[in-house]
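Worksheet: one structure, shown below.
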Amino acid sequence: MSKTHNLNRLAYFTAVVETGSFTKAAQRLGVTKAVVSSQVTQLESELKATLLVRNTRKVSATEAGKLFYARCTSILNEAQLAFSEMSQLSEQPVGTLRMTAPNDYGTAIVAPLVAAFRRQHPDCQVELYLGDGHSDLMAGELDLAIRVGWLRDSSLLARKVRGFRQLLVGAGADTGQFDHVRHPDDLSAIPFVANMALPDPLQWLFENAAGETATVQWQSDLSIDSAPAIMSAVGEGAGLAILPDFLVQDHLATGTLTHVLPDWHLPEGGIYVVLPAANFRTAKVTAFTTMLRQAEKVRGRE
């Protein structure tokens, strides 16, 4: 195994060459003259070469010292550039932000937000991967993931953005086809579009303000693994479905969909930003997370 050299000694050596003095080099570096002299001596010992010629007036580089100094300045400049670039990364969004989100939330909320993020931070590129599969953050290929629903135990850091309601919806309010529904017990005979992305898409627990609960077990002839596709099918009269409020709220407002049994509530879920374990967050991650939280805070007041 090759010997590991103390690269800090390069800074001591270059300071002496540039100032022509151990005393001035020590003043520049904020250390004692003895420390500078000791570090340079050890460097010469490691290299088995005389780098400096010392006299009473000035310290000068030898021929070998001049060649080594040229290399040292290049190395130290590259190191300084690396620190400067990392400082930029921590101060302003630059580079490529890679994230993943579920198809429904990603389409309805994240994709428009990404467009706004790019307008605010033109030096930052974005790669958004939509899908309901759980990409591996630990592999290092993603900066963050947005999860919707209920989180499994994980070593990753999860920050809740807000909660969301699940709503029982059917086709447009003007049809009157759900007027007879007064209680969850009235639902089982109505066609239901199941979401195959869920672990148990056919059994749901309803609860009203009085604390009364009712469990509905549906049978379904239509199952789809995409919430936006389910919403389209429901809008065309395929039956009832349970969908998140962020996906259907605009359609409820326009009457394309109707909220069935609004006095009965379903279990609420959460929207989370999930991050890999790290000591530092780049500015691009912090900026987008902040933008998402602010956007959802505004939406929560609507």
- Message: How far apart, in nanometres, would the label points at Ala49 and Leu67 be if each is projected 7 angstrom from Cα along the Cα-to-Cβ direction?
- Response: 0.5
- Message: Cut-off under 14 Å on the C-alpha distance; same-chain residues fewer than 8 positions from Lys160 excluded. Which aspartates and glutamates are left, in chain and number order?
- Response: Glu268, Glu296
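Tell me the mean residue ellipticity at 222 nm calculated for the chain from its helices only (DSSP H runs of n ≥ 4, each -39500 (n - 2.57), averaged over every residue, nearest 500). Let's see the in-between values first.
Details: 8 runs with 112 residues, N = 302.
Theoretical 222 nm ellipticity from helices: -12000 deg cm²/dmol.
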- Tell me the label-point distance for the pair Gln120, Glu207, using the 7 Å Cα-to-Cβ offset, in nm and rounded to one decimal. 3.5
- Query: Once fully extended, how much extra length lies between Leu7 and Thr107, figured as 0.36 nm per residue of separation less the alpha-carbon to alpha-carbon distance?
  - Reply: 31.0 nm
- Query: How much accessible surface does His121 have with a 1.4 Å probe, in Å² rounded to 10?
  - Reply: 40
- Task: Determine which residues of the stretch 26-69 fall in the zone a paramagnetic label at Phe83 would reach in this model, i.e. backbone nitrogen under 13 Å from the point 7 Å along Cα→Cβ.
- Result: 29-30
- Among (1) 21.8; (2) 23.8; (3) 16.0, find the value of mean projected area of the Cα convex hull in nm² that was calculated from the structure presented, and write down its label. (2)
- Message: Students often forget the sequence filter, so: which lysines lie under 25 Å Cα-Cα from Lys66 once same-chain residues fewer than 8 apart are removed?
- Response: Lys3, Lys24, Lys33, Lys48, Lys58
- Taking Thr282, Thr41 and ranking on accessible area (1.4 Å, protein atoms only), highest first, one gets Thr41, Thr282
- Per residue, how much accessible area does the stretch 1-50 have with a 1.4 Å probe, in Å²? 61
- Query: What is the distance, in nm, between label points placed 7 Å from the Cα along the Cα-to-Cβ direction at Thr23 and at Glu236?
  - Reply: 9.0
- Query: Given springs between every Cα pair under 10 Å in a Gaussian network model of the chain, which of Gly235, Gly20, Gly255 has the largest fluctuation?
  - Reply: Gly20
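Roughly how many percent of the accessible protein surface of the chain is carbon and sulfur, given a 1.4 Å probe and a whole-percent answer? Intermediate values should be presented prior to the final figure.
Working: 8680 of 17240 Å².
Of all accessible area on the chain, carbon and sulfur atoms account for 50 percent.
If exposed chymotrypsin sites (Phe, Trp or Tyr not before Pro) are those in a DSSP loop with at most 13 other Cβ within 10 Å, what is the longest stretch of the chain that has none? If you can, show how the numbers build up before the last one.
On the way: sites that count: Trp150, Phe280.
Of all site-free stretches, the longest is 1-149.
The values are calculated or read from the model by the stated rules, or taken from the named source; none is laboratory data. Computed from a predicted structure; not experimentally measured. Don't worry about glycine lacking a Cβ; one is built from the backbone with ideal geometry, like all the others, and counts go over all protein chains shown. Note: areas computed on protein heavy atoms with side chains; ligands, DNA, RNA excluded. Shrake-Rupley method; radii C 1.70, N 1.55, O 1.52, S 1.80 Å.
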